[in-house]
Amino acid sequence: MTMAAARRRTGEGGTGRYVSARKQRAKNRPAAAMQPPLTPMIDVVFQLLLFFLLATRFVKMEGQIQARLPRLKGPAAIKVMPIKVRLTAVGVERSGVQIAIEGSDESIPDFAKFHAILATERLRYGATSGKVPVIIRLERDVAWQHALDAFNQAVRAKFEDVAFARSEF
């Protein structure tokens, strides 16, 4: 045994000391990465949060405007007359349809023209046009496809309240 090896095994006082292989490997390992302590950082964050909450002044920026409104006895209801459409079966074996709008003398030849008329009616009513009811009345022997076409054209013209009237046979 060499003199250096003997010194390593003996302590500074000259006493013998055994070092295990596990401790030798632990000494040779690189040091673990250090992580800063999080407790002081969390404390500082809470102190800042508390400072800003207590130092902030919540001031009402807007005021209330005094106004005198007229006294009404109830809501003023705008009376809207419904658009009444009548479908009548025409032609050979009653396979065609004649479209008429109540209050108008002209007969509407097809559903494209019907849509155009409903679109102009919608513009005429303005902002309340979605609440204007369109009532479709079917005469005897009108094909169901024609009733659906009339309904679809009214919905396409952006009327929301479209219904079928009860037929009197």
Which of the following residues is outside any helix (DSSP H, G or I), within 37 Å of the chain's Cα centre (by Cα) and at pLDDT 85 or above: Val85, Val45, Val80? Val85
Looking at this structure, is Pro37 surrounded by fewer than 10 Cβ atoms within 10 Å (Cβ to Cβ), outside any helix (DSSP H, G or I) and modelled with pLDDT of 85 or more? yes
I'd like the full set of residues that are farther than 14 Å from Ala165 by Cβ and surrounded by fewer than 15 Cβ atoms within 10 Å (Cβ to Cβ), limited to region 97-110. Gly103, Ser104, Asp105, Glu106, Ser107, Pro109, Asp110
I need a count of the residues in region 132-165 that are more than 23 Å from Gly91 (Cα to Cα) and free of Cβ contacts under 8 Å to residues at least 12 places away in the same chain. 1
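The values are calculated or read from the model by the stated rules, or taken from the named source; none is laboratory data. Values in this document were obtained by computation on a predicted structure and should not be read as measured data. Neighbour counts are summed over all protein chains in view; Cβ atoms, including those assigned to glycine, are modelled from backbone coordinates with ideal geometry.
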